[in-house]
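Bear in mind these aren't lab numbers, they're just calculated from the coordinates by the rules spelled out. Treat the numbers as computed from the prediction; the structure is a model and nothing was measured. Note that each Cβ is placed from the backbone with ideal geometry, even for glycine, and that neighbours are counted across all protein chains shown.
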Amino acid sequence: MTIADARVTIHMVASLDGFIARKDGSVDWLETSDEFAAGATMDAGFVEAFLKTIDCYVMGSRTYETALHFEAQGFGWAYGDKPTFVLTSRELPQIRNTVEFYSGDLAQFVNAHLRTKFRSIWFVGGGAVSGECLRLGLADEVRYSILPILIGDGIPFFEKLGGDVALHLTEVKAYKSGMVELAYEVRRNPGKPGDAAEGATPLPQSHA
């Protein structure tokens, strides 16, 4: 049985020109040197409390491989002990028992498996997975964290949408790092402005 208030959120960090990685998959540009004095800060306690609200993660194979690369470099596993589902048809290393691999119909997987077990479902990349999630009408919310950098070319945030996707802006938050986070609800009825605002998940409040 589907959890009544289960929500699918798409979240990724991207450059101002809309890329989540360079063409070769590298993300060396994620560390920027900008500073916005009036922005909010994210301390460890704030981040930890917010991550506890997420019940599971969904990602594509390239995002998974990037996470493995970061872990091998000593940055740790970014997804904690939460169930992590990797959408792939390739053979990939399973580095912990919280990771599961899936290859099949995405709509069936989300609606029959994820929404029946988890309340807060986060898609965290890459562009093809996020695009498919939106194209199939599976997403309820999009969170777009924009870094203060232009990289010129790369892998786009969304791939192959096949048409317009109407959104409703629910919150904007700027951080001292220069990152700006936008939160949007996916509008189910584009002809009615603000129709998706009810039930919106606000961005977590951080320390000024």
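Figures for the structure shown
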| read-out | value |
| --- | --- |
| Karplus-derived HN-Hα couplings along the stretch 73-82 (A = 6.51, B = -1.76, C = 1.60, θ = phi - 60°), whole Hz, x at Gly and Pro | 7, x, 8, x, 8, 6, 10, x, 9, 6 |
| Cα→Cβ-extended label distance, 7 Å offset, between residue 112 and residue 23, nm | 4.0 |
| Amide H within-cut-off set for residue 12, under 5 Å, with H built and near neighbours excluded | 143, 145 |
| Size descriptor, Kirkwood hydrodynamic radius, that averages inverse alpha-carbon separations across the stretch 3-118, Å | 16.5 |
| Footprinting exposure proxy for 56, 133 (fewest neighbouring C-beta atoms within 10 Å first) | 56, 133 |
| Whole-Hz ³J(HN,Hα) from phi, Karplus 6.51 cos²θ - 1.76 cosθ + 1.60, for the stretch 136-144, glycine and proline x | 8, x, 8, 8, 9, 8, 10, 10, 10 |
| Percentage relative contact order, the chain, counting C-alpha pairs under 8 Å, at least six apart | 34 |
| Of 23/176; 82/176; 82/117, pairs whose Cα-Cα distance is over 22 Å | 23/176; 82/176 |
| Footprinting exposure proxy for 172, 180 (fewest neighbouring C-beta atoms within 10 Å first) | 172, 180 |
| From phi via Karplus (6.51, -1.76, 1.60), per-residue ³J(HN,Hα) for the stretch 166-183 in Hz, x at Gly/Pro | 6, 10, 10, 5, 10, 6, 10, 9, 10, 10, 4, 6, x, 6, 10, 10, 10, 10 |
| Whole-Å semi-axes of the ellipsoid equivalent to the chain (Cα gyration tensor, √5λ, descending) | 24, 23, 18 |
| Gained length - residue 5 relative to residue 49, 0.36 nm times residue gap less alpha-carbon distance | 13.8 nm |
| Distance between modelled label sites at residue 153 and residue 35, nm, 7 Å Cα→Cβ extension | 3.5 |
| Ranked by how many other beta carbons lie within 10 Å on average, peptides 157-168, 71-82 from highest | 157-168, 71-82 |
| Cα-based radius of gyration of the stretch 51-165 once divided by 2.2 N^0.38 Å, which approximates compact folds | 1.08 |
| For residue 187, residues with placed amide H under 5 Å, excluding near neighbours | 166, 167, 168 |
| Convex hull volume of the stretch 133-184 per residue (C-alpha atoms, cubic angstrom) | 92 |
